[in-house]
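To start, the structure itself, in structure tokens.
Just so it is clear, none of the values below were taken in a lab; they were calculated from the coordinates. Just so it is clear, the model here is predicted, and its values are computed rather than measured. Cβ atoms come from the backbone with ideal geometry, glycine included; neighbour counts cover every protein chain shown.
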Amino acid sequence: MQGRVGGWQERQIDALHSRDLDVVCLQEVTPRNRERWEQALAEMGFEVAVSGWPVDPRGSRRFAVLIASRAPAELVQPPALPWQERHLAVRTSIDGAEAEVHTLHAPLSGKEEQVKVRTLEALHEALADSTGVPRVLAGDFNTPQYESRDGEIQTFARTRSGKIRPRYGERHDRAELLLIEDLPKRGWRDAFRAVHGYSRRDRSWVAAVKGYGYRLDHIVVSPELDPVACEYLHEWREAGMSDHSAMWAEIRRAG
């Protein structure tokens with residue numbers, strides 16, 4: 001769920017009060033709304049961590065991310081990402097066992113210096129290196145462009161006919177698949193697809209006027225964990241609380 005300010009932020013806070021959650025991950029935390037989020041989540045009984053801004057928080061660089069956990073949480077050393085404020089990780093517990101929770105707000109494809117590509121590559125490298133500690137990654141990955149009912153995935157580096165866009169290239173195409181296709185090949189699971197398969201056509205972002213949309217927001221879990229339930233809260237987006245649908249998952253230890 002993306003963070004807004006004023007009355008919208010208070011509606012988001014009220015919505016979170018209505019859910020029984022152990023961990024909350026937020027994107028688009030800004031210098032303007034950060035203090036209120038920290039206060040509200042602390043009052044709900046969460047420990048709160050927010051990524052820092054290594055540069056002046058302006059434009060696309062004003063968006064940080066947040067993780068709130070009811071169990072004690074310890075910051076995890078982050079990988080070297082080009083926009084460091086877009087990722088955060090903590091060591092906490094899930095279903096009574098130690099686990100790492102990562103949240104990501106990937107840059108858009110058109111941003112300068114291939115920041116989206118470099119972000120996805122660096123985070124994938126860090127997550128694919130298994131430590132044996134269960135891991136959860138949640139957030140706005142800004143991919144894919146399309147998923148077929150047969151499970152074929154198409155990135156924003158391709159046209160709808162499947163051709164590589166020259167301005168992006170094959171490296172961009174590979175990078176967009178790392179978290180949503182390569183990690184599952186390594187035993188990770190996309191929580192929503194694990195529960196519902198590819199017959200569900202949910203879109204977590206929908207254009208206000210033309211009505212097209214994409215499933216950009218994801219929860220993926222490492223092999224040590226099982227997603228037993230997962231849904232998007234489209235009603236929050238439809239009520240105007242965010243331009244992305246929030247999502248939740250119930251996760252248990254595997255086996």
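Out of the trypsin sites (Lys or Arg not before Pro) in segment 111-165, which ones are loop residues according to DSSP with at most 14 other C-beta atoms within 10 Å? For trypsin sites (Lys or Arg not before Pro) across segment 111-165 that sit outside H, G, I, E and B with at most 14 neighbouring Cβ atoms in 10 Å, the list reads ARG149, ARG160, LYS163. Loop-resident trypsin sites (Lys or Arg not before Pro) (DSSP state other than H, G, I, E or B) in segment 177-255 with no more than 15 further Cβ atoms inside 10 Å of their Cβ: ARG186, ARG200, ARG201, LYS210.
At a Förster distance of 30 Å, what's the computed FRET efficiency of ARG201 paired with TRP8, Cβ-Cβ distance as r, to 0.05? Approximately 0.65, to the nearest 0.05.
The local environment of ALA246, defined by Cβ-Cβ distances under 10 Å, has a net charge of -1 under the rule Lys, Arg +1 and Asp, Glu -1. A Cβ-based charge dipole, computed about the Cα centre of the chain with Lys and Arg at +1 and Asp and Glu at -1, lands at about 1000 debye. Does segment 1-107 come out rounded, prolate or oblate, given a ≥ b ≥ c as the square roots of the eigenvalues of its C-alpha gyration tensor, rounded meaning a/c under 1.5 and, failing that, prolate meaning a/b above b/c? Note, shape of segment 1-107 comes out oblate.
From helices alone, the chain scores -6500 deg cm²/dmol at 222 nm; the rule is -39500 (n - 2.57) for each run of n ≥ 4 DSSP H residues, then divide by the residue total. Compactness of the chain, taken as the C-alpha radius of gyration over 2.2 N^0.38 Å, stands at 0.95. Within the listed set ARG19, ARG61, ARG165, the residue fluctuating most in the Gaussian network model of the chain (springs between alpha-carbon atoms under 10 angstrom) is ARG19.
Loop-located chymotrypsin sites (Phe, Trp or Tyr not before Pro) in segment 155-230 (DSSP state other than H, G, I, E, B) with a sparse environment of at most 12 neighbouring Cβ atoms within 10 Å: TYR212. A simple spin-label model places pseudo-atoms 7 Å from Cα toward Cβ; at LYS163 and ALA80 they are separated by 3.8 nm. With a Förster radius of 41 Å applied to the C-beta separation of ILE153 and THR30, the computed FRET efficiency comes to 0.85. Considering only ALA239, ALA229, ALA42, the Gaussian network model of the chain with Cα springs below 10 Å gives its largest mean-square fluctuation to ALA239. Each of LEU21, PHE46, PHE63 was scored by the projection of its Cα onto the charge dipole of segment 1-103, and the greatest displacement toward the positive side belongs to PHE63; charges sit on the C-beta of Lys, Arg, Asp and Glu. Go ahead and collect, in residue order, the members of segment 10-29 whose backbone nitrogen is under 17 Å from a label point 7 Å along the Cα-Cβ direction of ASP243. So the set is 27-29. Summarising the label geometry, the points placed 7 Å from Cα in the beta-carbon direction at ALA208 and MET44 lie 2.5 nm from one another. Given +1 at the Cβ of Lys and Arg, -1 at the Cβ of Asp and Glu and no other charges, the dipole of segment 54-126 around its Cα centre is 340 debye to the nearest 20.
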